[in-house]
Every structure is written in structure tokens, then in C-alpha cells.
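Novice: Dropping a structure here in C-alpha cells format, bear with me for questions.
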Amino acid sequence: MNSASATANQIFTTKAFKFIFVGLACVFVLIGSMRLAGFRPPSSLPVEPALQTRVLAVEDAAEGKVIVRDAKTGEMIVTYNRGEGSFFRATLRTLVNDRKHKGLDSGGNFRLEAHTGNQLFLIDEASGKTLSMNAFGPSNTAVFAALISNKKEGEGL
């Protein structure tokens, strides 16, 4: 009786494994076909125009400082000293690494857009990649919200 139940368990396990494997293979083929056909997921930006926009120029300075300026006016918005602005630094590092992987120049500006419903987006102007800052929680969103509104709040200030 023991051998009969062991055989039944093995058959179920083998059938379940085959079913899962075939299902995953179909999903990968479908996604690959869609990407090759040119399908791209829709942008996460709302269709309505931004309520407020600011283009940021970011530069690395001596002693580990990061200086953020308004790209249009050249006005300095904030300076993050070494050890400050960890969320800001990590976010921009991710976007710059994405540029490098795509073979783009690592320099260039970033656009912040405020939309209705307190939605804030950071757009990499070089790669077109868009990040919803609200996805990172209120305290991290506040770091970037301070940059668009020029308030003196957030990390490093």
C-alpha cells in the first residue's frame, strides 16, 4: 500500500510540475513576442498637463557634495553634503545607471512634475524613464516636493 501511494504522489508532482513549467514558458513567449512587436507599457504620467514643473541640473562637487540647480535659471536649489540626501542620491544614481546601460551620456537634466492629487513625477530627460515619487512614501516624496516648490525642507536642508 505504501508503494501505491508513493506512486500516486509522484504522478501528481510530475503533472503539477509540467503544468507550471508549460504555463511559465507560455508567459515568457507571450511577453517576448509583445516586446519584439514593439509593445511598450504605457507611461505612468497623467494625461493632463503638469500643475508645476522644474528642470533640475545636478552636479557632483568636491568633498562628496551634490549641488542641485534650476536648469533654466542656474539658481542653486540645495546642496547635499557628504552623508546627506541619501534618498535623492540613490534615486538619481539609479537613473544615471539606467542611462549607462542604455548607452546614453550620463549627464543631463531631470524634470520634476507636480500633478493633481499631489502626484509627483521625476522624469529623466535623457532616457525618458519616469518615476512616480509617491510610490516611495510621504517622507521620500517630500524630499523632491521641496525641490519643485523651493521650500527649505527635506533632507540636507
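Novice: 5 Å is the cut-off here: which amide hydrogens, built 1.01 Å from N in the peptide plane, fall below it relative to VAL78, excluding neighbours closer than 5 in sequence?
Specialist: VAL68
Novice: Assuming 0.36 nm per residue, please report the length gained on full extension of the stretch ASN118 to THR79 beyond their Cα-Cα distance.
Specialist: 11.6 nm
Novice: Could you name the aspartates and glutamates whose alpha carbon sits less than 19 Å from that of LYS72, not counting residues in the same chain fewer than 8 places away?
Specialist: Those aspartates and glutamates meeting the cut-off are GLU59, ASP60, GLU113, ASP124, GLU125.
Novice: Would you mind getting me the FRET efficiency between LYS129 and VAL47? Use the beta-carbon distance for r and R0 = 25 Å, nearest 0.05. Each step should come with its number before you reach the end.
Specialist: On the way: r = 19 Å, r/R0 = 0.74.
With R0 = 25 Å, the Cβ-Cβ based efficiency is 0.85.
Novice: Right, here's the next one. May I ask you to derive the FRET efficiency for ALA90 and PHE17 from their Cβ-Cβ distance with R0 = 41 Å, giving the value to the nearest 0.05?
Specialist: 0.55
Throughout, read-outs are computed from the coordinates displayed, never taken from laboratory work. These numbers come from a predicted model, not from an experiment. Glycine also receives a Cβ, built like all others from the backbone with ideal geometry; neighbour counts cover every protein chain displayed.
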